[in-house]
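> The structure that follows is given in the form of structure tokens.
The values are calculated or read from the model by the stated rules, or taken from the named source; none is laboratory data. Note that the structure is a prediction, hence the values are computed from the model and not measured. No Cβ is skipped: glycine too gets one built from the backbone with ideal geometry, and neighbour counts run over all protein chains shown.
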Amino acid sequence: MRHATLFISVTVVAAVVTAALVPASMWIARRLGVLDQPGHRKIHAEPTPRLGGIAVFCGFLGVVLGGLALMPVLGQPPLSALFGGALAPLQEAYRVQGKLLAIVAGGVIVFAVGLLDDVLGERFPVGVKAGGQVLAALVLVAGGVGVTFLPWEPLNIAVTLLWVVGITNAFNLLDNMDGLSAGVAMVAAAVLMMNAWSMGQVFIALLLSAFIGALLGFLVFNFNPARVFLGDCGSLFIGYAMASAMLLERYVVDAERSLFPVLMPVLVLAVPIMDTTTVVVIRLREGRPVYVGDANHLSHRLVQMGMSRRGAVLVLYLATLCLGIGAKFLPDATPFEIALILLQAGGIVALLLALMYMRREPEVSA
């Protein structure tokens, strides 16, 4: 119960801090002219600020770094009476300080790259944007954060780079409808937080609680109808944070005895992975650059079938939750249970793909 109180407190603080910063991020966006203009693929009628990611980034890092700085105080009365033994594992935080600093440093790089892209627009070279993401992933590797299940270290590094850059861009591409990217990340982070909590990984659970709170505070302003958008600085940072959190989870260790736990991150993030894969394939098949937006995302297809935009977003939240709950049990599942989990996940993915490629027939009047 003390742990629950601690996690909820961190989430609430991060949500309040981020929500308080959102108006400032909107003001900055207007001052810099970083506004999302109405268009044929847009539903907003007026220019909308698109630097909300500043609030998410500052809210999350502010709570995490502030918590580390205040850790000695948190262990003293009266807070010690409120949280009790829940704070004891944090005394070992110095053991993961190097990894935490690597995540923070990489996050700063990704955020800065996204911010430059938001401000400069087409003047910011795509190659520099990609290079910044690779650099952030290399910082993670240098800090000791990465996969370990392959027998050859260069392969582990290559898979880590591919994972981090891929998921970072997946959430960037998923940011195509009000509340979608931040909301899917929040649901996935909640699944990871519950898993970390159940495994006694208090420090990781607290990081995820702060991340969930930051996303929740932003979604107050971003859920349909959105008053502010993430921008690339926000969506890239969210994707990077999700990819990094996955690399800290227990499945990396469990993979030494079984490769099935490696499927956990793929299932938890199946929605952004599937959405990114399909739109990239469509764009390549049509001979268009993969970084140029269109209306071929899963969320757009659901709307074309008759769903409201809110409904489409909520369906993808639900899909992420269902896939994540099943994936949570992979590390300790028996072979039969693994088969059931994969069958369930395959069914959900197949259903989403069917919906994505299903065309709505026009109604014929009598």
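> For residues that are outside any loop (DSSP other than H, G, I, E, B) and of a type outside the set (A, V, I, L, M, F, W, C), scanning just the stretch 221-236, find the one that is surrounded by the most Cβ atoms within 10 Å (Cβ to Cβ).
At the first step, the residues of the stretch 221-236 found to be outside any loop (DSSP other than H, G, I, E, B) are 221-222, 231-236.
From what is left, the residues that are of a type outside the set (A, V, I, L, M, F, W, C) are 222, 231-232, 234-235.
Details: 222: 26, 231: 27, 232: 25, 234: 32, 235: 29.
Among them, the one singled out is 234.
> Tally time: how many residues in the stretch 115-173 are among the hydroxyl-bearing types (Ser, Thr, Tyr) and either within 20 Å of residue 272 (Cβ to Cβ) or in contact with a strand residue (DSSP E or B) (Cβ under 8 Å, 6 or more places away or on another chain) (or both)?
Here the count works out to 2.
> Another question about this same structure. Using beta carbons and a limit of 9 Å, which pairs, at least six apart or on different chains, have the first residue in the stretch 333-353 and closer than 16 Å to residue 321 by Cα and without any contact (Cβ under 8 Å) to a residue 12 or more places away in the chain and the second one part of a helix (DSSP H, G or I) and not basic (Lys, Arg)?
Note: pairs meeting the criteria are 351/319.
> Filter the stretch 1-27 down to the residues that are surrounded by fewer than 18 Cβ atoms within 10 Å (Cβ to Cβ) and modelled with pLDDT of 95 or more and list them by number.
12, 16, 20, 23, 24, 27
> Quickly run through the stretch 305-319 and pick out the residues that are touching a residue at least 40 places away in the same chain (Cβ under 8 Å) and under 16 Å from residue 350 (Cβ atoms).
Those that are touching a residue at least 40 places away in the same chain (Cβ under 8 Å) and under 16 Å from residue 350 (Cβ atoms): 316, 319.
> Now, a different point. Considering only the stretch 150-177, how many residues are crowded, with 24+ Cβ neighbours inside 10 Å and acidic (Asp, Glu)?
1
> Next question, about the same structure. Return the residue satisfying two criteria in turn: it lies in the stretch 291-310 and is of a type in the set (Gly, Ala, Ser) and over 24 Å from residue 232 (Cα atoms), and of such residues it is surrounded by the fewest Cβ atoms within 10 Å (Cβ to Cβ).
Our first condition is that a residue be of a type in the set (Gly, Ala, Ser); within the stretch 291-310, this holds for 293, 295, 299, 306, 308.
Checking which are over 24 Å from residue 232 (Cα atoms) leaves us with 306, 308.
Values: 306: 9, 308: 11.
Across the stretch 291-310, the extreme among qualifying residues is 306.
> Taking the stated definitions as given, is residue 294 acidic (Asp, Glu) and in contact (Cβ under 8 Å) with a residue 40 or more places away in the chain? Walk me through it before giving the result.
Working: acidic (Asp, Glu): yes; in contact (Cβ under 8 Å) with a residue 40 or more places away in the chain: yes.
Spelling it out, residue 294 is indeed acidic (Asp, Glu) and in contact (Cβ under 8 Å) with a residue 40 or more places away in the chain.
> Any idea which of 110, 145, 141 is surrounded by 23 or more Cβ atoms within 10 Å (Cβ to Cβ), more than 30 Å from residue 36 (Cα to Cα) and in contact with a helix residue (DSSP H, G or I) (Cβ under 8 Å, 6 or more places away or on another chain)?
On the way: 110 fails: more than 30 Å from residue 36 (Cα to Cα); 141 fails: surrounded by 23 or more Cβ atoms within 10 Å (Cβ to Cβ).
Criteria check complete, one pass: 145.
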